[in-house]
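The values are calculated or read from the model by the stated rules, or taken from the named source; none is laboratory data. Fair warning: this is a prediction, and the values are worked out from it, not measured in the lab. Neighbour counts run over all protein chains shown; Cβ positions are idealised from the backbone, glycine included. These accessible areas exclude ligands, DNA and RNA; they are computed on the full protein's heavy atoms, side chains included. Shrake-Rupley method; radii C 1.70, N 1.55, O 1.52, S 1.80 Å.
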Amino acid sequence: MRLPVLVIGNKNYSSWSLRPWLLLSHFGVAFEEVRLPLDTPQFAAEVGRHSPTGKVPALHDGDVHVWDSLAICEYVNERWLDGQGWPRERAARAVARAAAAEMHSGFTALRTQLPMNSRRTPDAYRWDAAAQRDIDRVQALWRALREAHGCDGEFLFGEFGIVDAMYAPVAIRFDGYGVEVDDTTRRYMQALFALPAMQAWRAAAALEPESVPATDALRKPLPA
């Protein structure tokens, strides 16, 4: 039987691609990877064959085509994980879904001003108050989830799951932009970075030859 195909962007820049890739890889689901470098003629020429929205990621599993990161994670959970992607207990599962959906639809200032750049190291660049409010909300959410649901493991609900995959790119952002974090956030980030799948993604990102100039140029303080 043919393996499912996950279409992604650059590992260095594509936060939405990381989410289903990390979930599939962490749980050992075999898949083929098609990488389309963002903001390139290749991407423009080929993405329409894989995604009706012209965006990545997209998953192809036989006749099933899914083109949204959270929807892909839900499909993976039902197709291959026997529900392991969410907490087993109903109330905890509802909270995990709410937290994942908040990431999926929110934190616009954070995502805009601290774009994904896995190769980045901290410097003088800083963000505005709106992005800081997003940063504060993320950390408050992580603290609340760890306190209420994470006592049996290192992740937001103990064991790694979809909600952690959704927030994994935020950990990369916090690391690369030098965001000041509390102890709970630091430990959670360390747990994410220790995952073999996350290490594999970041190692591949470090070797990619492409550059997205607008993202790489964020090296100076914002104007006063």
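Points worth noting:
- In sequence order, segment 73-82 has phi-based couplings of 4, 5, 5, 4, 4, 6, 7, 10, 9, 6 Hz under the Karplus curve 6.51 cos²θ - 1.76 cosθ + 1.60, θ = phi - 60°, and Gly or Pro positions carry x.
- Working from Cα pairs under 8 Å separated by at least six residues, relative contact order for segment 33-105 is 13 percent.
- Placing unit charges on the Cβ atoms only, positive for Lys and Arg and negative for Asp and Glu, gives the chain a dipole magnitude near 300 debye about its Cα centre.
- Binned Cα-Cα distance frequencies in segment 85-140 - 10 Å width, integer %: 20, 40, 27, 12, 1
- Over all other residues within a Cβ to Cβ distance under 14 Å of MET198, the charged ones net out to +1, with Lys and Arg as +1 and Asp and Glu as -1.
- Within-10-Å neighbourhood charge of THR40 [Cβ basis; K, R +1; D, E -1]: -3
- Segment 6-62 - accessible surface per residue (Å², probe 1.4 Å): 38
- For the chain, the mean residue ellipticity at 222 nm estimated from helices alone is -16000 deg cm²/dmol, where every DSSP H run of n ≥ 4 contributes -39500 (n - 2.57) and the total is divided by all residues, rounded to the nearest 500.
- Applying the criteria of a DSSP loop state and at most 16 other Cβ atoms within 10 Å to the trypsin sites (Lys or Arg not before Pro) of segment 1-77 yields ARG2.
- Summing +1 for each Lys or Arg and -1 for each Asp or Glu among the other residues whose beta-carbon sits under 14 angstrom from that of ALA129 gives 0.
- Expressed to the nearest 5 percent, the antiparallel share of DSSP beta bridges inside the chain is 65 percent.
- The Cα-based radius of gyration and maximum Cα-Cα distance (Dmax) for the chain are 17.1, 58 Å.
- For segment 174-224: rounded, prolate or oblate by the Cα gyration tensor [a/c cutoff 1.5]: oblate
- Relative contact order %, segment 1-154, counting alpha carbon pairs below 8 Å whose residues are six or more apart: 21
- When segment 46-122 is described by a simple charge dipole with +1 on each Lys and Arg Cβ and -1 on each Asp and Glu Cβ, the residue from LEU59, ALA96, ALA109 located farthest towards its positive end is ALA109.
- Atom-type composition of the exposed protein surface of segment 81-219 places 52 percent of the accessible area on carbon and sulfur (1.4 angstrom probe).
- Gyration tensor verdict on segment 8-96 (Cα atoms; rounded if a/c is under 1.5, prolate if a/b is larger than b/c, oblate otherwise): prolate
- Annotation for GLN42 and GLU208: the two label points, set 7 Å from Cα along the Cα-Cβ direction, are 1.1 nm apart.
- For segment 83-156, accessible area per residue (1.4 Å probe, heavy atoms of protein chains only), Å²: 50
- Global geometry of segment 124-224, whether rounded, prolate or oblate, following the gyration tensor of its Cα atoms and the 1.5 cut on a/c: oblate
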